[in-house]
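Q: Pasting a structure below so you can have a look.
Every number in this text was worked out from the coordinates using simple rules, so none of it is lab data. A quick note: this is a predicted structure, and the numbers were derived from the prediction, not measured. Note that each Cβ is placed from the backbone with ideal geometry, even for glycine, and that neighbours are counted across all protein chains shown.
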């Protein structure tokens, strides 16, 4: 990865570090990408509402249709990790947008394209103070590539991660932290927004800190995006794109004696989609039942 070029491109967008403050990139929109030999592969966008609401869009992969749903995890369910593969989720032919508002309201939507049926009351931002969503990717070559001619601006920052050698799959984990929590977590205050973050078993992964407009009790909050690469496939398909979010408050989410839930979308979905629609429904507003019985759009 050409760190000199990346830092030169992004440096005008980050806060200069001062004692008691963290360094973070600041832009209206963030495009999360990986960096190859002279190009980016883009995976998702992050935007914000005026109140600090987080919006995650998935415009860089065209392999729809997919499925979206509320993943319900019964208490004391040791098989919860396998549940999404068999869950009764609704079919969609659109790349939905994930929204999480400061008051905890979370949902999938796409104006004029889908109904906002998949929703829940998740953790409020100040409750969460941690994991807020994860984007899961497999088959990087299937995602939109963009040459380096696209530079970052205060309106739109390209945030690249190094992935050499290329892993079979990747997870971009997003954590929302207050500034005081970020400072507590740092061993030493970094002087750039790029740093190594340790997971819960002590393994370090590359991370980037992004500014958000959300504040609580006068304190700023930041999004930490951590890239976790793996040699294990996320799915048996060549390409996979998923998002999971809308988590319960931490004291609830980690309590296996309570029923829990979160929101999830998965692309692409193969099989008899028309039969799935009949059984589980669709959130698409522009669905039509074609004469041949296929899953089609106007």
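Q: Quote to one decimal, in nm, the extra length available between residue 166 and residue 216 on full extension: 0.36 nm per residue of separation minus the C-alpha distance between them. Spell out each step's value before the answer.
A: Working: separation 50, 0.36 × 50 = 18.00 nm, distance 3.87 nm.
Length gained, residue 166 through residue 216: 14.1 nm.
Q: What's the extension gain from residue 272 to residue 199 if we count 0.36 nm per residue and subtract their Cα-Cα distance?
A: On the way: separation 73, 0.36 × 73 = 26.28 nm, distance 3.89 nm.
Stretched fully, the residue 272-residue 199 segment lengthens by 22.4 nm.
Q: Mind checking which of 20, 139, 66 has the largest fluctuation in a GNM of the chain, springs on alpha carbons under 10 Å?
A: Its mean-square fluctuation being the largest, the pick is 20.
Q: Quick check on the range 3-284: of the DSSP beta bridges with both residues there, what percent are antiparallel, nearest 5%? Please report the intermediate quantities before stating the final value.
A: Details: 77 of 86 bridges.
Taking every DSSP beta bridge within the range 3-284, about 90 percent pair in antiparallel fashion.
Q: Now, a different point. What spacing in nm lies between the two simple spin-label points modelled at residue 156 and residue 28, each 7 Å away from Cα in the Cβ direction?
A: Roughly 1.1 nm, to one decimal.
Q: Output the relative contact order of the chain, whole-number percent, from Cα pairs under 8 angstrom with separation of 6+ residues.
A: On the way: 674 pairs, mean separation 76.6, N = 298.
It rounds to 26 percent for the chain.
Q: Based solely on its DSSP helices, what 222 nm [θ] is calculated for the chain when runs of n ≥ 4 H residues each add -39,500 (n - 2.57) and the sum is averaged over all residues, nearest 500 deg cm²/dmol?
A: Values: 6 runs with 35 residues, N = 298.
About -2500 deg cm²/dmol.
Q: Additional query: 7 Å from Cα along Cα→Cβ at both residue 285 and residue 257: what's the point-to-point distance in nm?
A: 4.5
Q: Would you please give the FRET efficiency between residue 47 and residue 183, computed as 1/(1 + (r/R0)^6) with r the Cβ-Cβ distance and R0 = 30 Å, to the nearest 0.05?
A: On the way: r = 26 Å, r/R0 = 0.87.
With R0 = 30 Å, the Cβ-Cβ based efficiency is 0.70.
Q: Starting from the Cα of residue 55, step 7 Å along the direction of its Cβ; do the same at residue 111; then give the gap between the two resulting points in nm.
A: Each label point is offset 7 Å from its Cα along the Cβ direction, giving 0.6 nm.
Q: So how far, in whole Å, is the C-alpha centre of the range 254-268 from the one of the range 162-176?
A: When both Cα centres are located, 21 Å separates them.
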